[in-house]
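Input: a single structure, listed below in structure tokens.
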Amino acid sequence: EELITHISMRVPAPDELCIFEKLGNRHAMAISVASLAMRLKAKGDRIEMLNVALGSVGPTVMFIEKFPEFLEYGELTKNTIEEFAKFVINKATPIDDIRGSAKYRLLAIKGLILRTLSDLLIIKGKGV
């Protein structure tokens, strides 16, 4: 038995963006088909810091800590977003279960990444 007595989290800095996206079969279900959490800091079009966690695409939550050089200090563009999505999909190891197939989960994570980072480009006025 375990009992969680508290959770503490650092408040994001004003120039950081924190995002959580969950894909589930129904809104009322607690378990997800796939989920994505991102924290990023950008200066202009350049990414200065990026943290990514993926849920339901591996045996446990996946934290991606190493990023390709093109993204680590690169410009956020449609091409870098697509390359990043491919990079993440290659790290994921989903399984087939009642919530969805492994293939569907990979497509779901790709879609969540593309949508989330493309929305960021739109917010920054760069379009997609």
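Every number here is computed from the coordinates shown, using simple stated rules; none is lab data. It should be emphasised that the depicted structure is a prediction, and the values quoted were computed from it without experimental measurement. With ideal geometry, Cβ positions are generated from the backbone for all residues, glycine too; neighbour counts draw on all protein chains shown.
Among residues other than Glu82 whose Cβ falls under 13 Å from its Cβ, what is the net charge (Lys/Arg +1, Asp/Glu -1)?
Summing Lys/Arg as +1 and Asp/Glu as -1 gives +3.
Annotation note: GluC sites (Glu not before Pro) in segment 9-104 located in DSSP loop regions with a Cβ neighbour count of at most 16 within 10 Å are Glu65. Where does helix 78-91 land angle-wise versus the long Cα axis of the chain, in degrees 0 to 90, nearest 10? Here the helix axis deviates by roughly 30 degrees. Post the alpha-carbon centroid distance, segment 93-113 to segment 1-54, in whole angstrom. Answer, in whole Å: 18.
Ignoring everything except DSSP H segments at least 4 long, calculate the 222 nm mean residue ellipticity for the chain; use -39,500 (n - 2.57) per segment, divide by total residues, nearest 500. Rounded to the nearest 500, it is -10000 deg cm²/dmol. For chymotrypsin sites (Phe, Trp or Tyr not before Pro), the sites in segment 1-108 that DSSP calls loop and that have at most 15 other Cβ atoms within 10 Å are Tyr73. When the trypsin sites (Lys or Arg not before Pro) in segment 27-107 are filtered for DSSP coil states and for at most 11 other beta-carbon atoms within 10 Å of their beta-carbon, the remaining sites are Lys66.
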